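This report refers to the structure that appears directly beneath it.
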Amino acid sequence: MTLVAGVDSSTQSCKVVIRDAETGALVREGRARHPEGTEVHPSHWWAALLEALEGAGGLDGVAAVSVGGQQHGMVCLDESGNVVREALLWNDTRSAQAAADLTTELGGPQAWADAVGSVPVASFTVTKLRWLAEHEPANARRTAAVCLPHDWLTWRLAGALASGVPFSRAGWADAPLAPLDALATDRGDASGTGYWSPFTGSYRTDLLKVAFGATPLLPRVLGPTGRAYDGDVLLAPGTGDNMAAALGVGARPGDVVVSLGTSGTAFAVADRPSADPTGAVAGFADATGRFLPLVCTLNAARVLDAAARIAGVGLGELSDLALQAPAGAGGLTLVPYLEGERTPNRPTATGSIHGLTLATATPAHLARAAVEGMLCGLADALDALRTQPERVLMIGGAARSEAVRRIAPTVFGVPVTVPPPAEYVADGAAYQAATLLTTPEWRAEETATYDGEAVPEIRARYARATEHILD
Ligand SMILES: Nc1ncnc2c1ncn2[C@@H]1O[C@H](COP(=O)(O)OP(=O)(O)O)[C@@H](O)[C@H]1O
Ligand SMILES: O=C(CO)[C@@H](O)[C@H](O)COP(=O)(O)O
């Protein structure tokens, strides 16, 4: 049996799945946590990947590996390949002013949408580089190459594989670095930088120069079946975690995927690139040669984590509580801007609770309001995509919650299809790895469909509540 490994290096953790390349059958898996915070030294991702890979039984029998990773994070390397500073993650909002400045400098949102398919907000790498140039000029000057989290991990794997040392967690901890020109990425993740055009399929180094004042080395952009490393074990291009999830769940034109991880995302598979001057929809590329218009919120699964903490319960009990309260939580409305917000672009906003009365001051009403508030952000995301989906597929950590599954149709106003709980980002990466070896015929998983009567009042109250938040 030939095996492939898929990695999901996401915000909160690293997951590894090892699957049969031909059938997709799950053979082994492992996981490890990432540190908290919105700036993280990439060495933690490497340590977590090695721990997760060890948990998954290492690379025995594995012929190809692919890494899916959190998008946008700024990883700066010096000319020897050493990390210049902690990476600023997609949910770090310190570059919000840089985003506003860059938008003005290029002539406004339409100019950015036309240039790179997206209007930059603080999440985009290009704004983080502007922030670095302005606030840490010495680090900016040391930066010889810039890459993304998945590019960096792929490059570290290339260095380790080229060393010829067989995999072991300790043996690879300080694996040699590959040369900088071995850095590789893919269309999907490149499209989240703000300096790669999905229209032309090439970098806009002119925009990088405007933002950063220099043009450091950028990873080669590989096609869907390119090889980031060629040896006994192959490395696939990898991709951003949302693009990998689209592969893992088998998304096809007509589907919209709602992913409830640390971020909340809604995305569709499209044949043509998009350019939304409102900035709500990011015009990403996907991992197959097509496109992935995507709306992202900063606040999803961790809203439920926070509500569970306030209520003093676990996530299972939070779900039970939410289902005990009536639809609309008796008017209790939670705006979940706990990390600021990206869509709408409110980087300094905070969360708020409205409609508190003696009757709604219960853990059950709070639980329901948290689930409904999180889902309202995603309902706005679905609207922004302006598509009439044939299916809305729901995945990610918070899609494991029964309350989320049952309440989603009442907020979205459409039925929701839920595949069995799995690591779809890692699965998508594994599928990409398999395409380097074979034409994989992986069986689609059975899905469950949740339906329920729409309750428009929930979104109406939420919309009014979002007008009353504190920055
Ligand atoms: N049964 C559950 N109910 C609600 N949330 C859950 C459940 N299981 C996991 N989660 C949450 O999902 C999140 C992790 O989801 P995941 O998609 O792995 O995130 P990421 O990819 O951003 O690291 C955590 O915040 C975790 O608390
Ligand atoms: O910034 C985006 C998408 O544009 C996020 O979706 C990140 O890619 C992080 O993903 P998760 O850790 O939530 O999966």
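The values are calculated or read from the model by the stated rules, or taken from the named source; none is laboratory data. These numbers come from a predicted model, not from an experiment. In this analysis, Cβ positions are derived from the backbone assuming ideal geometry, glycine residues included, and neighbour counts consider all displayed protein chains. Surface areas here come from the heavy atoms of the whole protein model, side chains and all, with no ligands, DNA or RNA. Shrake-Rupley method; radii C 1.70, N 1.55, O 1.52, S 1.80 Å.
Filtering the range 245-289 to residues that are more than 29 Å from V4 (Cβ to Cβ), among the charged types (D, E, K, R) and either part of a strand (DSSP E or B) or touching a Phe, Trp or Tyr at 6+ places or on another chain (Cβ under 9 Å) (or both) leaves only R272.
Against the conditions (1) more than 16 Å from ligand 2 (Cβ to nearest atom); (2) within 22 Å of Q70 (Cβ to Cβ); (3) touching a strand residue (DSSP E or B) at 6+ places or on another chain (Cβ under 9 Å), D271 satisfies every one except (2). Considered as a group, the residues in the range 218-233 that are open to solvent by 40 Å² or more (accessible area, probe 1.4 Å) and either part of a helix (DSSP H, G or I) or touching a residue at least 60 places away in the same chain (Cβ under 8 Å) (or both) include one that is nearest to ligand 2 (Cβ to nearest atom), and that residue is P224. Of the residues making up the range 249-262, those that are out of contact with any Lys or Arg (no Cβ under 6 Å at 6 or more places or on another chain) and over 24 Å from S123 (Cα atoms) number 6.
Can G58 be described as at pLDDT 95 or above and away from ligand 2 (no atom under 15 Å from the Cβ)? Yes. For the range 177-194, the candidate set comprises residues that are away from ligand 1 (no atom under 16 Å from the Cβ) and among the acidic types (D, E); within that set, the residue that is nearest to T127 (Cα to Cα) is D186.
Counting only residues that are of a type in the set (S, T, Y) and open to solvent by 40 Å² or more (accessible area, probe 1.4 Å), the range 177-212 holds 4 of them.
Scanning the range 325-342 for residues that are assigned to a loop (DSSP other than H, G, I, E, B), within 16 Å of ligand 1 (Cβ to nearest atom) and crowded, with 24+ Cβ neighbours inside 10 Å yields a total of 2. Among the criteria (1) open to solvent by less than 50 Å² (accessible area, probe 1.4 Å); (2) hydroxyl-bearing (S, T, Y); (3) in a loop (DSSP other than H, G, I, E, B), the one T215 does not fulfil is (1). All conditions in (1) under 20 Å from D186 (Cα atoms); (2) buried (at least 24 other Cβ atoms within 10 Å of the Cβ); (3) touching an Asp or Glu at 6+ places or on another chain (Cβ under 9 Å) hold for L294, with the sole exception of (3). Of the residues E390, E423, E445, the single one that is within 13 Å of ligand 1 (Cβ to nearest atom), of a type in the set (D, E, K, R), open to solvent by 10 Å² or more (accessible area, probe 1.4 Å) and under 25 Å from the mean Cα position of the chain (by Cα) is E423. The sole residue among A236, A158, A245 that is open to solvent by less than 10 Å² (accessible area, probe 1.4 Å), within 16 Å of ligand 1 (Cβ to nearest atom) and either of a type outside the set (S, T, N, Q) or without any contact (Cβ under 8 Å) to a residue 40 or more places away in the chain (or both) is A245.
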